[in-house]
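Heads up: the structure comes next, in structure tokens.
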Amino acid sequence: MKELFDITIIGGGPAGLYSAFYSGLRGMKTKIIESQGMLGGKVRIYPEKRIWDVGGLQPVLAQEFCENLIEQGLTFNPTVCLNQKVERIDKDGDLFIITAGDGTHHYSKAVILANGSGIISPQKLEVEGAHKYELSNLHYTVGRLERFRGRHVLISGGGNTAIDWAVELMYVAKSVTLVYRKEELSAHEAQVEKLQQNGVNIILNAKITSLQPKEGTDCIGAVLINVNGKNQILEIDDVLINHGYNRESSVSFAPDMEPTKQGDYYECTGRGTLSTEGIFAAGDNIAYDGKVYLLLGAFQDAVNAVNSAKQYIDPSAHPSGMVSSHNEVFKTRNEQILKERLGSC
Ligand SMILES: Cc1cc2nc3c(=O)[nH]c(=O)nc-3n(C[C@H](O)[C@H](O)[C@H](O)COP(=O)(O)OP(=O)(O)OC[C@H]3O[C@@H](n4cnc5c(N)ncnc54)[C@H](O)[C@@H]3O)c2cc1C
């Protein structure tokens, strides 16, 4: 059976989740389609980083921020489809037909593209047999800093992510060694200075050429690196690879429906509208004069995209939603919160 939604949001990152919240607040039947098995988007790449620059929030770990964002996004019980990569958008009359990679069709009156930088996956270490250590001590991100306490960690990479992790890890790990294939690190100077001042072993013109197992375990025990053409062995407890990300994007559209692009970005207005009627966009995937590529920018985009979608579906609707502090949709929830507070006095 074709279940019809008012708004279908492609992508369950910050822009998609906040769009779902705001769409619920404006009384619309909402669906989120996310290609990964989890909501949260790129914020999942940096769970142990502290976020400082969202207005009104004390510095918060990205992991915690992500959990709150998901909870807020699900406030009005949108339908959530995980593990479905949207591949194509077509239109039949007024109805959008959204097709996922597994052949599932979704039907919607309006669409919000919140697919950010696309589907992101880390560039893997291209060394024979590397994948088999991914379950033990070969890492592509730092889930929990504590996991590395007292350990000898080798980081491969020379960009901001590698250097930022080296700075964080040098306070908990027993030792941090950084190897980078080029002559110079390409990260922020201040961070590089911190590494140099804290005795992090930086080996340039070097790359990992093989991983050697720790006897009797499924773990890496040592790493062979090639430095300026000479081999060197490093005994380590953990290897962290930060070689950048692969980005897979490309939602395709029926002929004449493809929104205009500026390079990799959808050309958008500050109201979240694109060149294709009925398709709106929010977050890191769009460009307009003054666009802010931060979480707070994604939230503003989400509000604008939802408000524009609301008016597209119902031209008589108010151009914006009612502020939450005076909005009747929160009446029961506010009463619940009050009861819980009084109950705990
Ligand atoms: C290392 C790092 C640190 C950062 N630190 C900060 C910070 O401190 N403060 C701050 O404000 N911002 C920070 N940012 C930026 C912030 O994370 C982004 O601005 C924000 O994540 C953008 O949200 P988004 O929803 O537009 O995109 P994304 O977070 O990229 O989410 C897009 C979602 O869409 C999904 N998707 C993509 N294509 C499809 C498809 N075809 N079908 C279905 N789903 C799809 C993806 O899987 C993903 O879940 C940081 C970014 C990085 C990389």
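The values are calculated or read from the model by the stated rules, or taken from the named source; none is laboratory data. Note that this is a predicted model, so its numbers are computed, not measured. Don't worry about glycine lacking a Cβ; one is built from the backbone with ideal geometry, like all the others, and counts go over all protein chains shown. These area figures cover heavy atoms from the full protein model, side chains too; ligands, DNA and RNA do not enter into them. Shrake-Rupley method; radii C 1.70, N 1.55, O 1.52, S 1.80 Å.
Beta carbons closer than 7 Å, at least 6 apart along the sequence or on distinct chains, pair a first residue in the stretch 316-327 that is under 16 Å from G272 (Cα atoms) and modelled with pLDDT under 95 with a second that is part of a loop (DSSP other than H, G, I, E, B) and open to solvent by less than 60 Å² (accessible area, probe 1.4 Å) for G321/R26.
For the stretch 30-48, the criterion of being surrounded by fewer than 16 Cβ atoms within 10 Å (Cβ to Cβ), in the same structural domain as F253 (by TED's automatic domain parsing) and assigned to a loop (DSSP other than H, G, I, E, B) is satisfied by at least one residue. Filtered by the rule that a residue be of a type in the set (A, V, I, L, M) and either closer than 19 Å to G41 by Cβ or open to solvent by 50 Å² or more (accessible area, probe 1.4 Å) (or both), the stretch 82-108 gives L82, V86, I98, A100.
Restricting the stretch 128-161 to residues that are aliphatic (A, V, I, L, M) and open to solvent by less than 20 Å² (accessible area, probe 1.4 Å) leaves a set whose member that is modelled with the lowest pLDDT is V142.
The set of residues from the stretch 74-117 being acidic (D, E) and either in contact with a Phe, Trp or Tyr (Cβ under 6 Å, 6 or more places away or on another chain) or part of a strand (DSSP E or B) (or both) comprises E87, D90, D92.
Among residues of the stretch 115-133 that are of a type in the set (K, R), none has a Cβ under 7 angstrom from a residue that is open to solvent by 30 Å² or more (accessible area, probe 1.4 Å) and more than 10 Å from the ligand (Cβ to nearest atom) at a sequence gap of 6+ or on a separate chain.
Kindly establish whether T79 is more than 25 Å from T104 (Cα to Cα), modelled with pLDDT of 95 or more, more than 7 Å from the ligand (Cβ to nearest atom) and open to solvent by 20 Å² or more (accessible area, probe 1.4 Å). For T79, the condition - more than 25 Å from T104 (Cα to Cα), modelled with pLDDT of 95 or more, more than 7 Å from the ligand (Cβ to nearest atom) and open to solvent by 20 Å² or more (accessible area, probe 1.4 Å) - is not met. Going through the stretch 291-305 one residue at a time, which ones are touching a helix residue (DSSP H, G or I) at 6+ places or on another chain (Cβ under 9 Å) and part of a loop (DSSP other than H, G, I, E, B)? Result: K291, V292.
The sole residue among E134, E87, E48 that is near the ligand (Cβ under 10 Å from one of its atoms) and either more than 20 Å from the chain's Cα centre (by Cα) or among the acidic types (D, E) (or both) is E87. Taking the stretch 162-259 as the region of interest, the strands (runs of 3 or more DSSP E) fully inside it that hold 1 or more residues being open to solvent by less than 70 Å² (accessible area, probe 1.4 Å) and touching a helix residue (DSSP H, G or I) at 6+ places or on another chain (Cβ under 7 Å) are 175-179, 201-203, 206-213, 220-227, 238-241. Restricting the stretch 18-29 to residues that are open to solvent by 10 Å² or more (accessible area, probe 1.4 Å) and of a type in the set (A, V, I, L, M) leaves a set whose member that is nearest to C81 (Cα to Cα) is M28. Sub-6 Å Cβ pairs linking a first residue in the stretch 1-17 that is open to solvent by less than 10 Å² (accessible area, probe 1.4 Å) to a second residue that is of a type in the set (G, A, S) and assigned to a strand (DSSP E or B), at least 6 apart or interchain, are F5/S108; I7/A110; T8/S108, ordered by first then second residue.
Evaluating G229 against the criteria (1) out of contact with any Leu (no Cβ under 8 Å at 6 or more places or on another chain); (2) within 15 Å of the ligand (Cβ to nearest atom); (3) over 26 Å from N304 (Cα atoms); (4) not aliphatic (A, V, I, L, M) leaves one unmet condition, (2). Among the candidates I70, I98, I33, the residue that is more than 10 Å from the ligand (Cβ to nearest atom), of a type outside the set (S, T, Y) and modelled with pLDDT of 95 or more is uniquely I70.
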